[in-house]
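The block underneath contains the structure these notes are about, expressed in structure tokens.
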Amino acid sequence: STVSLVLSGKGKISDEIRNRVIKATTAVGYQKKTKVLKENGKKLVGIIATFYEEWNFTLDFTRRGLQFLEEHTLEIDCVPILIPIFKETSRKEILNRILFSGVEAVFSNLFEDEKIFRNLEELGIPVIVVNNENLQNQFCTVCSDNIQGTFDCTEYLIKLGHRKITFADFPRPRLRAI
């Protein structure tokens, strides 16, 4: 049936029908049984990590962020599950990886896909977006404030007497004031 195909992530189902099925199953409190074995009954928490070739220069920063998320997840007595995403990974495949992993919550490090996040939340899987301010008004988000940090650092350097200070940045179409 269509419901079975949607819930198993199989078949060619339109986004409209998929969303209607998800909303209907959520409304009646349906919870998909998972075959993923939990470690000592602990909750599984997904950590979505993007691996895009053009963003390789961020790997050192990203690695540290992923390590922090893993450590924090273990501290709260949950089991972290890494969900790798590559540029060529389709939206359907991403959603399937997350659902089939059996996770009960998801951290998304740098990755953004509003449709996927909405689908997960409709299924009762909370999403926490990390280091991506583009969706901070729609989802729980944790971002570093590089702008304020840069200002504070520059102010400190000026107080120390430094006058030759350079600012380098990249185009930010969503932050027109910069």
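One residue stands out among those in the range 135-148 that are part of a helix (DSSP H, G or I) and touching a residue at least 12 places away in the same chain (Cβ under 8 Å): the one that is least open to solvent (accessible area, probe 1.4 Å), which is L135. When you check T62 against the structure, is it open to solvent by less than 60 Å² (accessible area, probe 1.4 Å), farther than 20 Å from I85 by Cβ and at pLDDT below 85, yes or no? So T62 does not fit the description; no. Within the range 70-117, the set of residues being touching a helix residue (DSSP H, G or I) at 6+ places or on another chain (Cβ under 8 Å) and among the basic types (K, R) comprises K87, R91, K115.
Here L160 passes the criteria (1) at pLDDT 90 or above; (2) open to solvent by 90 Å² or more (accessible area, probe 1.4 Å); (3) under 30 Å from I13 (Cα atoms) except the one numbered (3). Against the numbered list (1) modelled with pLDDT of 85 or more; (2) surrounded by 11 or more Cβ atoms within 10 Å (Cβ to Cβ), F151 comes up short only at (1).
If you filter the range 81-102 down to residues that are among the small types (G, A, S) and outside any helix (DSSP H, G or I), you find that the one that is farthest from T50 (Cα to Cα) is G102. Within the range 103-134, the set of residues being part of a strand (DSSP E or B) and either of a type in the set (G, A, S) or open to solvent by 50 Å² or more (accessible area, probe 1.4 Å) (or both) comprises A105, S108. Just a yes or no: is a residue in the range 73-80 part of a strand (DSSP E or B) and either at pLDDT 80 or above or under 13 Å from the mean Cα position of the chain (by Cα) (or both)? Scanning the range 73-80 turns up at least one residue that is part of a strand (DSSP E or B) and either at pLDDT 80 or above or under 13 Å from the mean Cα position of the chain (by Cα) (or both). Scan the range 68-95 for residues that are touching a residue at least 12 places away in the same chain (Cβ under 8 Å), open to solvent by 20 Å² or more (accessible area, probe 1.4 Å) and of a type in the set (S, T, N, Q) and the total you get is 0.
The values are calculated or read from the model by the stated rules, or taken from the named source; none is laboratory data. None of the values given here were measured: they were computed from a predicted structure. Counting neighbours? That spans all protein chains shown, and the Cβs are built from the backbone with ideal geometry, glycine included. The area values use the complete protein model at the heavy-atom level, side chains included, leaving out ligands, DNA and RNA. Shrake-Rupley method; radii C 1.70, N 1.55, O 1.52, S 1.80 Å.
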